[in-house]
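Just so you know, all these numbers are worked out from the coordinates, no wet-lab data involved. What you are looking at is a predicted structure, and each value in this text was computed from that prediction instead of being measured. Using ideal geometry, Cβ is built from the backbone for each residue, glycine included, and neighbour counts are taken over all protein chains shown.
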Amino acid sequence: MKNIKQTSIIVAVFIIFVFLAGVYFYLPEEGNENKEGSESNQPAEPILRNAPAGWLIYKNASYGFSLFYPEGLDVKEFDEGGGAGTITFEDAENALGFQIFIVPYAEAQVTEERFLKDNPSGVKENFEDITVDGAVGATFVSRQPFLGETREVWFIHDGYLFEVTILKPTESFLADVLSSWKF
């Protein structure tokens, strides 16, 4: 009788312990979702984001980012090999759109050698520092042989160099695209 009572107490204590452990590990995640400054393993941005009216959301799991882009642009992805890729957002009929070239990159800053490899014209005018969702980079005006004058935004994040290019005359919506960018 005494052994049954001890076993019952041990089982009850164990069940209470498991319950409290579950509460401890579950509630902080739920309770801290909307509190600023709380530490959590969850991303700061909700996984599901809603694009504003007239915009769509693009998500790329391979490179770990999402962004909003204007409706009417067709999205195409190209594997460039070696971990590199190009994503185009284009309305060919109205000559509107932009592209993102992504390449593995181990440096903390873009070297002149890398710049000339990806931008053989060497043109880099109106150079300004920029931050895209915490990734430090630069924006500048360049010239491409087949495109003419372009706005370029280059930044490094998580071992990749991101190069965003848009035709200079159509750059008006680029700031909205970049401000919506989330890693």
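Which residues, taken from segment 141-158, are among the β-branched types (Val, Ile, Thr) and either crowded, with 17+ Cβ neighbours inside 10 Å or without any contact (Cβ under 8 Å) to a residue 24 or more places away in the chain (or both)?
Start the filter on segment 141-158 by keeping residues that are among the β-branched types (Val, Ile, Thr), which leaves 141, 150, 153, 156.
Matches in segment 141-158: THR150, VAL153, ILE156.
Which ones in segment 140-160 are among the acidic types (Asp, Glu) and in contact with an Asp or Glu (Cβ under 7 Å, 6 or more places away or on another chain)? Don't jump to the end; show me each part of the working.
Going residue by residue through segment 140-160, those that are among the acidic types (Asp, Glu) are 149, 152, 158.
Of everything in segment 140-160, just one residue is among the acidic types (Asp, Glu) and in contact with an Asp or Glu (Cβ under 7 Å, 6 or more places away or on another chain), namely GLU152.
One residue stands out in segment 88-116 among those that are of a type in the set (Asp, Glu) and within 22 Å of the chain's Cα centre (by Cα): the one that is surrounded by the most Cβ atoms within 10 Å (Cβ to Cβ), namely GLU90. Regarding GLY85, is this residue under 18 Å from the mean Cα position of the chain (by Cα), within 18 Å of ILE166 (Cβ to Cβ) and not polar (S, T, N, Q)? It is true that GLY85 is under 18 Å from the mean Cα position of the chain (by Cα), within 18 Å of ILE166 (Cβ to Cβ) and not polar (S, T, N, Q).
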